[in-house]
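Engineer: Before I ask anything, here is the structure I am working with.
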Amino acid sequence: MKYGLIGEHLGHSYSCEIHGAIADYEYELKELAPDELDGFMRAKEFNAINVTIPYKQAVIPYLDEISDRARRIGAVNTVVNRGGRLYGDNTDFAGMSALAKKMKINFEGRKVLILGTGGTSKTARAVAESLGAKQIFNVSRHGGENGLISYEQAVQLHSDAQIIINTTPVGMYPNSEKTPIDISAFGALEGVLDAIYHPLRTNLVLDALERGIPASGGLYMLSAQAVYASAVFLGKEVEPELIEKAYNIVKSDKQNIVLVGMPSSGKTTVGRIIAERTGKSFADTDDIIVNEIGMPIAQYFAERGETAFRDLESRVLNDASQKGGCVIATGGGAVLRAENVRAMRRNGTVVFIDRAIEKLIATDDRPLSSNRAALEKLYSARYDIYKAAADLIISGNGTPDEVAQAVLEEL
């Protein structure tokens, strides 16, 4: 391996795609068990590597030289082999600083809670200090040592915290439904940053956004630190414009496009066209359900009831939303449950295909819109729900090709 990333578990990594967007070297992923790290670092059979969980501190004893920044932070995420001598640096600092700047989160004089105690938490503390935070507290499950506080203490004693930074893996794929802390206790909260980038928006980020609080996952941070790391790899000056390029390329590739709307609004047809034009995979949640239950949905409704169907729909939609990089056509009632909308938003942009009522068609295979009167009643009941769930609203009155093109142009 000449260039790449080492860590214990790398199945979620986007680093290959990001480095592919900013440089012409081959970048590889290498998973190492803890007992393999020593042999790898001593062999020095690489030109330059990035380092991720759990080795950002463990690699330090193998380094011949370390940047002042990395030394102060106490964590290394970039190692360069300079003629057999290993040089360590920390570009996570620049990445998180870039994210805070992009989100316009003001740290000056603020109280900051940093969730976690690993290498990224050290970076987060250094960034908060550099941006003028007044008070900084690291939060761990147990607290009590080295100035750490517990999550209970964070809520009880520091509910006036204004910024929360998550550096734990809680909420990371495949355990995307978890969240490290309930932010409803923090009434003064002004900003939330989460180092996790898969999913693109964790529940912690969604919790903040739903309250109107600026918040972001870690994809921009990852993109920025990769640009800085690549410059260290190659001994070049940083090209800041590459950060936006890398971020936009990877976000476009990894985000889902989730289509919602009334039955017969054309979600499946439009979705297939979008998938073909973007190279993304396509999933129709109703088709997945039919294949699983082995019967038409109308029959399942009649035999098991709507609640059983909605439970099944929620599970299928959550599974389809987990991966990223898909076009997903949902059933007409998918937006009725808040948990479904949240699942859509973790990795996707939700697009409402807004087809006029006179263009919608009632059919026997749709249990809640089998006749015109039922369809019109359903439209009236759901229209505002679709609007509230959507990130984008696209007219569905044109041809499928026109609607698909309109979606892509907006995205």
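The values are calculated or read from the model by the stated rules, or taken from the named source; none is laboratory data. Because the structure is predicted, anything quoted here is derived from the model rather than measured. When we count neighbours, we look across all protein chains shown, and the Cβ atoms used for this are built from the backbone with ideal geometry, even at glycine. For accessibility, only protein heavy atoms count, side chains too; no ligands or nucleic acids. Shrake-Rupley method; radii C 1.70, N 1.55, O 1.52, S 1.80 Å.
Engineer: State yes or no: is Ser321 modelled with pLDDT under 95, outside any helix (DSSP H, G or I) and either over 21 Å from Asp287 (Cα atoms) or open to solvent by less than 10 Å² (accessible area, probe 1.4 Å) (or both)?
Structural biologist: Answer is no for this residue.
Engineer: Oh, and also: Considering the range 72-123 alone, what residues qualify as being hydrophobic (A, V, I, L, M, F, W, C), assigned to a helix (DSSP H, G or I) and over 20 Å from Ser216 (Cβ atoms)?
Structural biologist: Ile73
Engineer: Among the residues of the range 195-207, what is the count of those that are in contact with a strand residue (DSSP E or B) (Cβ under 6 Å, 6 or more places away or on another chain) and either under 18 Å from Val350 (Cα atoms) or open to solvent by 10 Å² or more (accessible area, probe 1.4 Å) (or both)?
Structural biologist: So the answer is 2.
Engineer: Among (1) among the hydrophobic types (A, V, I, L, M, F, W, C); (2) surrounded by fewer than 23 Cβ atoms within 10 Å (Cβ to Cβ); (3) in contact with a Ser or Thr (Cβ under 9 Å, 6 or more places away or on another chain), where does Ala229 come up short?
Structural biologist: (2)
Engineer: If you don't mind, there's one more thing I want to ask. Please enumerate the residues belonging to the range 368-411 that are outside any helix (DSSP H, G or I) and open to solvent by less than 50 Å² (accessible area, probe 1.4 Å).
Structural biologist: Ser369, Ser370, Ala390, Leu392, Ile394, Gly396, Gly398, listed by residue number.
Engineer: A further question on this structure: For the range 108-119, how many residues meet the condition of being in contact with a strand residue (DSSP E or B) (Cβ under 9 Å, 6 or more places away or on another chain) and either crowded, with 22+ Cβ neighbours inside 10 Å or of a type in the set (D, E, K, R) (or both)?
Structural biologist: 7
Engineer: Are any residues in the range 274-285 part of a helix (DSSP H, G or I) and either buried (at least 22 other Cβ atoms within 10 Å of the Cβ) or of a type in the set (Ser, Thr, Tyr) (or both), and if so, which ones?
Structural biologist: Listed by number, the residues that qualify are Ile274, Thr278, Thr285.
Engineer: Might you check whether a residue that is closer than 19 Å to Val127 by Cβ, in contact (Cβ under 8 Å) with a residue 40 or more places away in the chain and surrounded by fewer than 17 Cβ atoms within 10 Å (Cβ to Cβ) occurs anywhere in the range 25-39?
Structural biologist: Checked the range 25-39: no residue is closer than 19 Å to Val127 by Cβ, in contact (Cβ under 8 Å) with a residue 40 or more places away in the chain and surrounded by fewer than 17 Cβ atoms within 10 Å (Cβ to Cβ).
Engineer: Lys122 is checked against (1) charged (D, E, K, R); (2) free of Cβ contacts under 8 Å to residues at least 40 places away in the same chain; (3) surrounded by 18 or more Cβ atoms within 10 Å (Cβ to Cβ) and fails just one. What number does that condition carry?
Structural biologist: Just one mismatch for Lys122, condition (2).
Engineer: What number of residues within the range 156-169 are under 22 Å from Ile196 (Cα atoms) and open to solvent by less than 70 Å² (accessible area, probe 1.4 Å)?
Structural biologist: Qualifying residue count, the range 156-169: 8.
Engineer: Quick check: anything in the range 269-278 of a type in the set (S, T, N, Q) and closer than 26 Å to Ile385 by Cβ?
Structural biologist: Yes, the conditions are met somewhere in the range 269-278.
Engineer: Looking only at the range 175-194, which residues are open to solvent by less than 20 Å² (accessible area, probe 1.4 Å) and polar (S, T, N, Q)?
Structural biologist: Ser176, the sole residue that qualifies.
Engineer: Continuing with the same structure: When you go through (1) more than 25 Å from Met221 (Cα to Cα); (2) open to solvent by less than 50 Å² (accessible area, probe 1.4 Å); (3) modelled with pLDDT under 95 one by one for Met172, which number turns out not to apply?
Structural biologist: (1)
Engineer: While we're on this one: Could you check how many residues of the range 286-312 are outside any helix (DSSP H, G or I) and free of Cβ contacts under 8 Å to residues at least 24 places away in the same chain?
Structural biologist: So the count comes out to 3.
Engineer: Among the residues of the range 328-347, write down those that are part of a helix (DSSP H, G or I) and under 21 Å from Pro367 (Cβ atoms).
Structural biologist: If the condition is that a residue be part of a helix (DSSP H, G or I) and under 21 Å from Pro367 (Cβ atoms), then Ala334, Val335, Leu336, Asn340 are the ones that fit.
A quick yes/no check of all residues on (1) touching a residue at least 24 places away in the same chain (Cβ under 8 Å); (2) open to solvent by 60 Å² or more (accessible area, probe 1.4 Å); (3) among the charged types (D, E, K, R); (4) at positive phi:
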{"site": "Ser314", "(1), (2), (3), (4)": "yes, no, no, no"}
{"site": "Val335", "(1), (2), (3), (4)": "yes, no, no, no"}
{"site": "Asp354", "(1), (2), (3), (4)": "yes, no, yes, no"}
{"site": "Arg366", "(1), (2), (3), (4)": "yes, yes, yes, no"}
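Table: residues versus (1) touching a helix residue (DSSP H, G or I) at 6+ places or on another chain (Cβ under 6 Å); (2) surrounded by 16 or more Cβ atoms within 10 Å (Cβ to Cβ); (3) not basic (Lys, Arg).
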| position | (1), (2), (3) |
| --- | --- |
| Asn50 | yes, yes, yes |
| Gln57 | yes, no, yes |
| Asp68 | no, no, yes |
| Ala75 | yes, yes, yes |
| Met103 | no, no, yes |
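Engineer: Also, quick follow-up: Only one residue in Gly143, Gly132 is open to solvent by less than 70 Å² (accessible area, probe 1.4 Å) and modelled with pLDDT under 95, so which one is that?
Structural biologist: Gly143
Engineer: Would you check if there is a residue in the range 239-249 being among the hydroxyl-bearing types (Ser, Thr, Tyr) and over 30 Å from Leu5 (Cα atoms)?
Structural biologist: No: zero hits.
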